[in-house]
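Here, each number is a calculation from the coordinates, and none is a lab measurement. Keep in mind the model is a prediction, meaning the values are calculated, not measured. Cβ coordinates were reconstructed from backbone atoms using ideal geometry, including for glycine residues, and neighbour counts include every protein chain displayed.
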Amino acid sequence: MLAPEVPMSHSVAGEPPSAGRRAAPLTTAVYSATEWDLLISLPGRVLVTAAASGPGRTDRGVLANLAGLDAVAAGRAFDSDLVRAVVAAIYARPDGTPPPAERLTDLVGLLAACRAASRVLRRRADPADSAAYRQWVQSVAARVCRAVPGPGERREDQPTTPADRRFLDHLGAALGLG
């Protein structure tokens with residue numbers, strides 16, 4: 001099954017040109033079906049892995065999952081054609097088509113997928129779209145890690161545990177953000 005070709009274009013600064021200002025050349029990238037599937041499945045994998053328990057981390061429950069879903073949905077308002085297209089594709093997926101469960105919480109596999117997505121974006125995407133996508137994916141994990149279980153509690157200053165901070169550091173490095 002072929003994914004639709006998704007052309008992405010953006011000014012070099014990631015913003016539309018102002019009146020009277022000459023626009024930078026547009027970059028167009030078309031993703032293969034495999035590349036597109038990687039880009040649209042990565043935010044969900046990050047959400048599930050960030051919410052899962054692990055050494056030094058506890059299962060965060062419903063609040064964390066809601067925070068992650070909210071962070072994914074927030075991509076609709078990004079100033080990036082790529083991020084908005086990925087969010088639209090995520091919401092357009094038929095029910096029951098997430099990646100296999102055995103891949104969802106595998107940290108090593110997730111970090112490898114992040115590095116692969118970064119390589120795809122480096123080759124194919126406008127630099128502003130690439131940066132926006134990678135920062136958005138990191139923000140999904142950060143919002144999940146900062147969600148504290150309990151009635152309405154949220155800790156915005158830092159992740160709740162040193163293990164969460166290590167997870168976010170590893171994720172950021174795999175996404176080429178740090």
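Assorted remarks:
- Label point distance in nm, A33-V108, each placed 7 Å from Cα along Cα→Cβ: 2.9 nm
- Over all other residues within a Cβ to Cβ distance under 13 Å of A117, the charged ones net out to +4, with Lys and Arg as +1 and Asp and Glu as -1.
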